[in-house]
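The values are calculated or read from the model by the stated rules, or taken from the named source; none is laboratory data. What you see is a predicted model, and the numbers here were worked out from it, not measured in a lab. Here the Cβ positions follow ideal geometry from the backbone for every residue, glycine too, while neighbour counts run over all protein chains shown.
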Amino acid sequence: WLANLKLVLASKPPAMFVTDYAAAHNLLVRGSRAVGGGSFSNRPPSMSPSAVLSGRLYHNIISAPYGQLWRALRHNLTSGVLHPTHLRGYAAARRHALRGLVVDLREQQLADGVVLATESIRSAVFGLVSTMCFGEGVDAAVVRAMADVQMELILSLPAVRTLVSVPFLALCRLIYRKRWNKLVAIRQKQEELYLPLIDGCRIHPRHSDETPTYVHTLLDLHVPVEFEADDQIPAAPGPAGGKQRQQRRLEDGELVGLCSEFLGSGTESLSVALQWIMANLMKRADMQEAIWREIDAAVEADTEEVGEEVLGKLDHLSAVILEALRLHPTTMWVFRQVMEEDQVVHDGQHIPAGTKMVFSLEALGRDKTVWTDPDEFKPERFQACGGGESVTKNLLSMAGDMKMMPFGAGRRMCPAISMSLLHIGYFIANLMREFEWREAEGEHAVQLHTDANVLLFNFMERPLRAHLVPRRPVVKKVR
Ligand code: HEM
């Protein structure tokens with residue numbers, strides 16, 4: 001029995017690691033545009049806790065197989081909260097999060113002489129993302145509890161990986177009872193916290209002229225009834241006599257998983273990016289000065305903040321952001337699974353169906369054949385990249401000189417590039433304008449090392465601390 005069990009556990013699909021940029025580009029971008037055949041747009045069975053716990057009944061965007069459900073969920077996100085019109089509608093929430101963060105950092109500096117930036121940045125970003133998800137007015141204690149449970153979930157991802165390696169749910173529960181129960185407990189906490197907020201959105205629908213929350217868009221969404229096999233979706237007669245796909249609303253379990261994905265992706269990627277950028281800037285006083293000069297030239301001294309409309313003019317700032325994303329991509333890996341119909345060929349070799357392909361974004365960003373001094377932080381290489389929209393365009397198309405893919409590539413690439421660059425630019429510009437960032441000493445000094453214990457997100461091994469010297473008069477917190 002034990003021998004059979006080991007056989008089952010060992011029968012994982014073969015894996016292939018891709019670490020050079022040209023191969024990754026070829027596979028992810030060209031492979032996903034193949035016509036007639038497959039799309040090379042599936043991920044291996046997901047580690048998404050919602051999918052694992054529900055026996056792959058509930059999917060979010062990351063875990064959904066390439067097909068109708070994925071299309072509906074992704075389109076809802078990009079045409080809803082991530083749409084440029086709606087992103088502008090969240091300006092007040094961004095300002096609120098920024099001012100809270102600045103006050104928090106000032107208070108810590110005054111009290112302790114050193115700030116623990118990691119915690120403050122993460123909770124400011126979580127507050128913003130939770131407003132985009134559930135709307136304004138959520139009790140601060142509930143927001144804190146949601147942030148805590150989200151972190152518990154991320155730290156449990158290594159355990160989830162073990163669970164995914166077991167083919168049958170019942171077997172998995174039996175062998176890894178403790179890990180399973182822990183994951184169930186985390187999920188229960190999420191349900192207790194999210195479901196009342198989701199019900200609140202149900203009771204108070206948004207008017208068409210109001211900026212939608214993510215939950216409101218999900219509550220309005222209809223998704224196809226059958227999604228695994230597109231061709232077999234049951235069809236019903238449509239109003240003009242044609243066939244119409246059957247549709248349904250999302251269930252509560254799916255809504256909880258999708259909110260968790262939004263809060264997790266939105267918070268961790270952004271807050272990790274902000275920390276790596278500030279960490280590198282603390283090592284480059286000359287870059288801080290260059291950024292102050294361009295901000296001071298672009299923004300009047302008595303203006304409350306560096307507004308979003310100015311960000312496109314800040315060339316040094318854009319260069320620093322890109323260089324940090326190249327060296328320290330906030331998501332470490334991109335995954336794909338070769339399907340029968342994909343016909344993937346690499347180096348003249350046909351890659352068998354079932355192979356799990358793992359793209360290391362850090363290795364791609366440091367490919368020696370693409371970059372000179374690939375391990376050095378040299379924002380100068382991105383100088384005169386055009387800033388703002390041209391950066392977004394370049395990253396979206398993976399064209400031009402931007403030979404890196406911190407947001408992935410192909411059809412499954414990150415849908416939130418514009419929003420991420422907007423948020424990162426806005427926070428960094430304003431944090432730079434408010435403070436001079438100096439490195440702390442001894443065990444609090446900046447260390448540019450990744451925490452190898454955390455899967456997926458590129459957390460810093462040592463939490464980011466700094467001495468902050470205010471550059472402007474005190475700002476008041478918006479309550
Ligand atoms: C610095 C910020 C961010 C970075 C670097 C980043 C990076 C990535 C990467 C590398 C992927 C995998 C792409 C692939 O497989 O080719 C991804 C997917 C995804 N990201 Fe992001 N992300 C960021 C911010 C966000 C934000 C703010 C959200 C949501 C609010 C988000 C939502 C998603 C979703 C839903 C997917 C799955 C897309 C799909 O399967 O179709 N990301 N992201």
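Mind listing just one residue for me: the one in region 176-217 that is more than 16 Å from the ligand (Cβ to nearest atom) and of a type in the set (S, T, N, Q) and, of those, surrounded by the most Cβ atoms within 10 Å (Cβ to Cβ)? Give the steps one after another, and end with the answer.
Within region 176-217, the first condition is being more than 16 Å from the ligand (Cβ to nearest atom), and the residues that meet it are 176-193, 195-210.
Right, trim to of a type in the set (S, T, N, Q) and you get 181, 188, 190, 208.
Numbers: 181: 11, 188: 11, 190: 23, 208: 6.
For region 176-217, the residue satisfying everything is 190.
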**OP:** With the checklist (1) over 30 Å from residue 74 (Cβ atoms); (2) away from the ligand (no atom under 16 Å from the Cβ) in hand, flag the one item residue 312 doesn't pass.
**Re:** (1)
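How many of the residues making up region 245-270 are of a type in the set (S, T, N, Q) and either modelled with pLDDT under 55 or within 9 Å of the ligand (Cβ to nearest atom) (or both)?
Here is the first cut: in region 245-270, the ones of a type in the set (S, T, N, Q) are 246-247, 260, 265, 267, 269.
Applying the additional criterion that residues be either modelled with pLDDT under 55 or within 9 Å of the ligand (Cβ to nearest atom) (or both) yields 265, 267, 269.
The total comes to 3.
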**OP:** Select the helices (runs of 4 or more DSSP H) contained entirely in region 41-154, then report the ones holding at least 2 residues which are hydroxyl-bearing (Ser, Thr, Tyr) and within 30 Å of residue 309 (Cβ to Cβ).
**Re:** 68-79, 117-134
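Go through the residues of region 293-303 one by one and say whether even a single one is surrounded by fewer than 23 Cβ atoms within 10 Å (Cβ to Cβ), assigned to a strand (DSSP E or B) and either within 26 Å of the chain's Cα centre (by Cα) or of a type in the set (Ser, Thr, Tyr) (or both).
Of the residues in region 293-303, the ones surrounded by fewer than 23 Cβ atoms within 10 Å (Cβ to Cβ) are 293-303.
Within this subset, residues satisfying the condition of being assigned to a strand (DSSP E or B) are none.
No.
Would you confirm, using the coordinates I've provided, whether residue 468 is under 23 Å from residue 317 (Cβ atoms) and not in a strand (DSSP E or B)?
Values: under 23 Å from residue 317 (Cβ atoms): yes; not in a strand (DSSP E or B): no.
When the stated conditions are applied, residue 468 does not pass them.
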Original post:
Taking into account only those residues within region 316-343 that are at pLDDT below 90 and not in a loop (DSSP other than H, G, I, E, B), which is nearest to the ligand (Cβ to nearest atom)?
Top reply: 342
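Quick grid of which residues meet (1) in contact with a strand residue (DSSP E or B) (Cβ under 9 Å, 6 or more places away or on another chain); (2) of a type in the set (Gly, Ala, Ser); (3) at pLDDT 95 or above; (4) crowded, with 21+ Cβ neighbours inside 10 Å:
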{"site": "75", "(1), (2), (3), (4)": "no, no, yes, no"}
{"site": "89", "(1), (2), (3), (4)": "no, yes, no, no"}
{"site": "112", "(1), (2), (3), (4)": "no, no, no, no"}
{"site": "124", "(1), (2), (3), (4)": "no, yes, yes, yes"}
**OP:** Considering only region 324-364, state which residues are within 16 Å of residue 276 (Cα to Cα) and touching a residue at least 60 places away in the same chain (Cβ under 8 Å).
**Re:** 325, 326, 328, 329, 330, 331, 332, 362
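Yes or no, residue by residue, for (1) within 14 Å of residue 318 (Cβ to Cβ); (2) within 11 Å of the ligand (Cβ to nearest atom); (3) modelled with pLDDT of 85 or more:
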position: 349; (1), (2), (3): no, no, no
position: 368; (1), (2), (3): no, no, yes
position: 372; (1), (2), (3): no, no, yes
position: 389; (1), (2), (3): yes, no, no
position: 395; (1), (2), (3): yes, yes, no
position: 405; (1), (2), (3): no, yes, yes
position: 412; (1), (2), (3): no, yes, yes
position: 417; (1), (2), (3): yes, yes, yes
Original post:
Which one of these is in contact (Cβ under 8 Å) with a residue 24 or more places away in the chain, part of a helix (DSSP H, G or I) and over 30 Å from residue 218 (Cα atoms): 171, 163?
Top reply: 171
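Suppose the filter is away from the ligand (no atom under 16 Å from the Cβ), hydrophobic (A, V, I, L, M, F, W, C), part of a loop (DSSP other than H, G, I, E, B) and at pLDDT 90 or above; does residue 446 pass it?
On the way: away from the ligand (no atom under 16 Å from the Cβ): yes; hydrophobic (A, V, I, L, M, F, W, C): yes; part of a loop (DSSP other than H, G, I, E, B): yes; at pLDDT 90 or above: yes.
For residue 446, the condition - away from the ligand (no atom under 16 Å from the Cβ), hydrophobic (A, V, I, L, M, F, W, C), part of a loop (DSSP other than H, G, I, E, B) and at pLDDT 90 or above - is met.
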